[in-house]
Structure formats: C-alpha cells, structure tokens
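Here, each number is a calculation from the coordinates, and none is a lab measurement. Keep in mind that what you see is a predicted model, and the values were worked out from it rather than measured. For neighbour counting, all protein chains shown are included, and Cβ atoms are generated from backbone atoms with ideal geometry for every residue, glycine included.
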Amino acid sequence: MAGLSDVRSGREYELTEIVKQRHFVYEGGVSVLSEIKNLHGFSVTIKTGSISGSRGQYISAISDAFKILSSFDFHKGLNKKIIIYLSDHKMVKNIAFMNGENITIFLGSRIKNHMSAAKPSKKSPIVSVKGGVTAGVGRARGIADYMYDVTSRQLFKNPKESAMIKTVVIHEMGHALHEHFHPEIFWDLKRESTAQAYNSCGWINASFDVSQYATTNALEFVAETFTGMALGEKYGKIVANAYSALGGPQ
Ligand SMILES: [Zn+2]
C-alpha cells in the first residue's frame, strides 16, 4: 500500500500539473477573481479566466453542487480550501488536483460540449484487463452527460448546461474526497503497477451498473459511483461493496 513518501511524491507531481493548467487559464488575458469564502460549509474560491456565456450560471451551478455535498456532511472533516478555475481555453480539462493543502478543480471547455449518445458501432466492444471499454466512441460517456440528456430545455436559460456543470463539480469533488479520506488507496490506484491488486474487489464488473465512464479505471469508478449516489441513485450490493473496498467517500 502507498506509504507516506508515495503520497507526498504524488501530491508534489499534482502541483506541477496545476501550474500547467493555470497557465492556459490565464493565457486569455482576462481574469476576474471572485472569492466565495463559505459555500454550504465548504471554503471555495472561484477564479474566472476567459469564458463565454454567463459567469452567474457557473456560480449557481457550482453552489448547487456544494449544497448537495453538504447535505451528505462531506464538508465535515475537510479542512482544505477548494479553488475552482473556469476557462474555455481548449487545453483546460475538467480535472481535479490534490496537492495535500488545497483541492484545485479546473472546469474547461468540455463542460459546454457534452458527449452525445454513442453511435452504433460496427466494432464489437473490447474489454481490457484494466476494465476499459471502447465501442466506437472517442470518449466514454459519464453521469454528467446523462444528466445533460435527462434535463429539459427551457427558453432563455440553459438548465441542461447547469446540470452538466453541477454534475462535473460533484464528480471532481468525488476524486478530491477519495484522496482526502483514503490517500493510501487513492495513490495506489493512480499507479498502474499497484492498481491491479484492487481488481479482485470486483469493481470492473460493478462499473457496468454505474456508467460507461466508470469502466475506464478504478478511480473513475469511485468518482462516478460517488456522483450517482450524491444525485440520489441507489446502487446494489456489488457496486456498494467494490466502492467501499476502494475507499470511496461515504
Ligand atoms: Zn474523473
């Protein structure tokens, strides 16, 4: 299991990745800083780079996400600042980094560009030993895409986009809380060589009940299951057992 030095080196590496992503956010030139000290019990700072559309929409969707998380008491025992960067720059991903002190979340352009339903493929699905599934789509669909699909359109507003932003924030916080409460398992799962040992908990099989994206790897399985649970989904025993064996936030 990952020891203190593994956790430390993993977190140090995250810091270098934060610097890279932050560079792209600020590349647009425009950056407005808005500080929200307390968002439903979480300490959140939102930093805005160049974005198209309404900043207010982002802020209310982010607030909705933290409201849901606080109703599960996830703010308790989390003594970390959360910094969220918003950017439409094409190099900015939807991604969370944990450097030990802070949780840094980037919300990139993909947030406005959801994956449409998979087109029928002539190729049969390939299941790899890692659990990844490809079936003729470039990228696996996650619960955020599903939430976009099931949310109704409305004139002059975009509730579909808001649902997607809210869900991506919950997903990224799922990774962050996983790392916070179980860093020793989290960093094992980050490394391919140590991740294999966790396959026996049955997450690969269980992931098919969660989402296509959950089949990518054990970390995504945890984040996607966390997201589904936060949004009210009740999973069966196979999913619940694998989730707790992997140290998923409870
Ligand atoms: Zn993820």
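Numbers below:
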item	result
Test item: Cα-centred dipole of segment 24-95, Lys/Arg +1 and Asp/Glu -1 on Cβ, debye	160
Rounded to 5, the percent of DSSP beta bridges in the chain classed as antiparallel	50
Listed residue pairs exceeding 18 Å between alpha carbons, taken from Lys20/Lys90; Lys93/Lys157; Lys20/Lys93	Lys93/Lys157
For the chain, built as a Gaussian network whose Cα springs stay under 10 Å, the top-fluctuating residue of Phe97, Phe208, Phe106	Phe208
P(r), alpha carbons of the chain - 5 Å bins starting at zero, rounded %	1, 6, 13, 17, 19, 19, 14, 7, 3, 1, 0
Relative contact order (%) - criterion: Cα under 8 Å, at least six apart; region: the chain	18
Charge dipole (debye, nearest 20) of the chain; +1 at Cβ of Lys and Arg, -1 at Cβ of Asp and Glu	680
Residue-averaged [θ]222 nm for the chain, counting only DSSP H segments that reach four residues, each worth -39500 (n - 2.57)	-14000 deg cm²/dmol
Difference of contour (0.36 nm per residue) and Cα-Cα distance, Phe72 to Lys157	27.7 nm
